[in-house]
1. Filter the range 18-38 down to the residues that are open to solvent by 70 Å² or more (accessible area, probe 1.4 Å), modelled with pLDDT under 80 and on the phi > 0 side of the Ramachandran plot and list them by number.
2. Across the range 211-255, what is the number of residues that are open to solvent by 20 Å² or more (accessible area, probe 1.4 Å) and more than 20 Å from Asp102 (Cβ to Cβ)?
3. In the list Ile153, Ile178, which residue meets the criterion of being modelled with pLDDT of 95 or more, in a strand (DSSP E or B) and either farther than 21 Å from Glu226 by Cβ or open to solvent by 60 Å² or more (accessible area, probe 1.4 Å) (or both)?
4. Just one of Gly127, Gly110 is without any contact (Cβ under 8 Å) to a residue 24 or more places away in the chain and open to solvent by less than 90 Å² (accessible area, probe 1.4 Å); which is it?
5. Anything in the range 74-107 that is surrounded by fewer than 12 Cβ atoms within 10 Å (Cβ to Cβ) and part of a loop (DSSP other than H, G, I, E, B)? List them, or say none.
6. So, of the residues in the range 39-73 that are among the charged types (D, E, K, R) and in contact with a Ser or Thr (Cβ under 9 Å, 6 or more places away or on another chain), which turns out to be least open to solvent (accessible area, probe 1.4 Å)?
7. Of everything in the range 156-175, what is aliphatic (A, V, I, L, M), part of a strand (DSSP E or B) and over 17 Å from Met206 (Cβ atoms)? Give them in sequence order.
8. Among all residue pairs at least 6 apart or on different chains, which show Cβ distances below 8 Å where the first residue, located in the range 14-35, is free of Cβ contacts under 8 Å to residues at least 24 places away in the same chain and the second is assigned to a helix (DSSP H, G or I) and among the aliphatic types (A, V, I, L, M)?
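The values are calculated or read from the model by the stated rules, or taken from the named source; none is laboratory data. Model, not experiment: these values are computed from the prediction. Positions of Cβ are backbone-derived with ideal geometry, glycine not excepted, and every protein chain shown enters the neighbour counts. Side chains included, ligands, DNA and RNA excluded: accessible areas come from the protein's heavy atoms. Shrake-Rupley method; radii C 1.70, N 1.55, O 1.52, S 1.80 Å.
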Amino acid sequence: MESSKLKCILCKKYPTGDIYECSNRHVGCLLCVNDKRGRPCVCCRPFNRRKQNPIEKLEKQTKIPCDFKESGCTWLFEASQLDNHLEECKFRPYRCILDELDVKPCNWTGQQHEVEEHLEKDHRELGTPFSYFQEAVKIAFIANKPKSVVKLIDAFSKDFLFFYRACLERRTLCFMIIYFGRRVEAQQYYYELDIRSPTKTGVPRMKFVQQCVADCEDFEQMMEQESNCVAISFNTIKHYLGEGNALSFRFIVKKAEKDANKAVVAAAARERSISDQGSKPSPENKGTKERRRYTSGSSLEDPPLRAESTNYEYPIF
């Protein structure tokens with residue numbers, strides 16, 4: 001079909017959305033036909049059939065190469081899919097994520113699939129990666145000083161990035177585990193974060209369940225909106241600080257079973273339930289289970305955190 005025949009015969013413009021067509025197959029756009037209150041075509045035939053715009057149909061059938069084709073991407077997309085892909089293409093231009101997170105200045109730039117090698121080779125100060133089940137982590141908390149901590153995590157033969165930030169403006173601590181890859185892949189992983197404060201009267205604790213996030217996301221926006229991250233106020237966290245104002249916690253990265261992502265999200269969104277913190281048992285609860293504090297994603301059936309330390313002592317960050 002000639003391109004001129006795809007134009008509205010009344011306004012001579014290419015239509016958007018559905019079109020009308022007369023028996024002679026002349027095209028009329030919705031705006032013209034509806035505004036003219038059923039005005040017939042210039043050929044005097046009525047516009048008696050409404051159909052899908054052939055231009056939009058052609059666009060959906062046409063596969064478009066990625067903008068980063070020259071860099072190595074071989075994927076083809078419909079026009080409506082391209083923008084999402086460009087945000088997470090592994091061949092997209094990429095700057096060091098430590099610089100992106102404002103943790104440490106770094107001038108490195110490359111492609112997304114090169115960042116893990118860059119972190120391992122050029123940022124050896126990150127030290128030995130955390131394991132997927134990491135215990136005995138301590139971070140020094142100072143209420144009047146901003147602080148960010150990052151650490152690679154080795155889990156499921158992949159690299160993740162642990163990220164912690166103390167934000168003075170919002171007076172909030174944010175925890176996040178970042179996956180290097182596409183959103184659909186990141187959604188396969190989630191983590192459980194246990195924060196504990198050993199005391200003589202028990203182990204007060206908070207437990208959170210949250211999904212990992214892809215490295216193409218807007219981290220600043222997530223922290224500001226407290227979405228897809230663990231966010232805890234300074235007022236709350238002060239009850240969980242140990243000796244030297246050290247915040248102790250552990251985490252485990254898990255892979256969601258097939259069709260289990262909904263369960264993970266539901267657990268993360270579960271209404272906070274708080275029970276009394278551990279203290280001397282009163283007559284009415286003597287002999288009952290140790291009383292603990294729980295938040296999103298926890299249940300009374302969870303095993304208590306082990307108070308003993310691991311063989312390897314991680315430094316206080």
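1. Arg37
2. 15
3. Ile153
4. On inspection, the qualifying residue turns out to be Gly110.
5. Those that are surrounded by fewer than 12 Cβ atoms within 10 Å (Cβ to Cβ) and part of a loop (DSSP other than H, G, I, E, B): Thr74, Pro105, Asn107.
6. Here the answer is Glu56.
7. Selection gives Leu161 alone.
8. Pairs found: Val27/Leu6.
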